[in-house]
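Structure record follows, encoded as structure tokens.
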Amino acid sequence: MAQSAILAEHKEEMELVERAKADEVAFSELYNLYFPKIYGYIFRRVGSHEDAEDLTSQVFLKAFDKLGTFNYQGYSFSSWIFRIATNALTDHYRKKSRRKELNLDGIAEPSADTDLENEVNIIYKKAQVNIVLTRLSDKYQKVLTLKFYGQMEYEEIAETLNISVNNSRVLLHRALKKFDQEYSKYVQT
């Protein structure tokens, strides 16, 4: 993404956030803008629609309550709300005693008008990816889900995880390499 496009996007976001501090309608615009990304990020980490809905609701309630304290001091709203989501996930796993379970509820049913074999292959691949993700360390899961499910740029990942941009690149590279290794092992078994 070009630097000028990023700056324009951040300016629009800043204006919307400032309006949302005093206007619930503006906050609903933020909600509509970030809900799919936050929900997707959380769902990929918990694997349950019910838990993802609950956690996403908690994230937006907290964001709504704390929005008045948000200031642009080197961090975008996107990074701020993803940090809230990351903290909500950490709390969720603490409460569950770090026991990870694979829930395949999120895998869609094949539709009647598509190639059934292709749909089954897609469902199988998604299940494999989710299983392999649960085998990775928490930091690798975070960076991969932020990048691919949260659709975040390196700068946003760095802000969310409170690391340097260069460190976010290195961490993502290592996470992808580890994912490839684990995926190869899993597929061979």
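The values are calculated or read from the model by the stated rules, or taken from the named source; none is laboratory data. Keep in mind that this is a model prediction, so the values were computed, not measured. Using ideal geometry, Cβ is built from the backbone for each residue, glycine included, and neighbour counts are taken over all protein chains shown.
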Among the listed residues V120, V132, which satisfies the condition of being modelled with pLDDT under 90 and under 28 Å from N162 (Cα atoms)?
-> V132
Residue under evaluation V187, criteria (1) within 19 Å of F43 (Cα to Cα); (2) at pLDDT below 85, criterion not met | (1)
Quick one: is T160 modelled with pLDDT of 70 or more and among the polar types (S, T, N, Q)?
-> yes
Which listed residue, of A63, A26, A22, A88, is over 18 Å from Q151 (Cα atoms) and surrounded by fewer than 16 Cβ atoms within 10 Å (Cβ to Cβ) | A22
In segment 148-184, what residues are among the hydrophobic types (A, V, I, L, M, F, W, C) and assigned to a helix (DSSP H, G or I)?
-> F148, I157, A158, L161, V165, V170, L171, L172, A175, L176, F179
Would you say E182 is at pLDDT below 90, closer than 16 Å to Y75 by Cα and surrounded by 15 or more Cβ atoms within 10 Å (Cβ to Cβ)?
-> no
Members of segment 57-79 that are touching a residue at least 24 places away in the same chain (Cβ under 8 Å) and not small (G, A, S) | Q58, V59, F60, K62, F64, L67, F70, Y72, Y75, F77
What pairs come up if the first residue lies in segment 130-155 and is within 17 Å of I38 (Cα to Cα), the second is assigned to a loop (DSSP other than H, G, I, E, B) and among the hydrophobic types (A, V, I, L, M, F, W, C), and their beta carbons are under 8 Å apart, counting only those six or more places apart or on different chains?
-> L144/L136; L146/M152; E153/M1
Regarding N71, is this residue of a type in the set (S, T, N, Q), more than 15 Å from the chain's Cα centre (by Cα) and at pLDDT 90 or above?
-> no
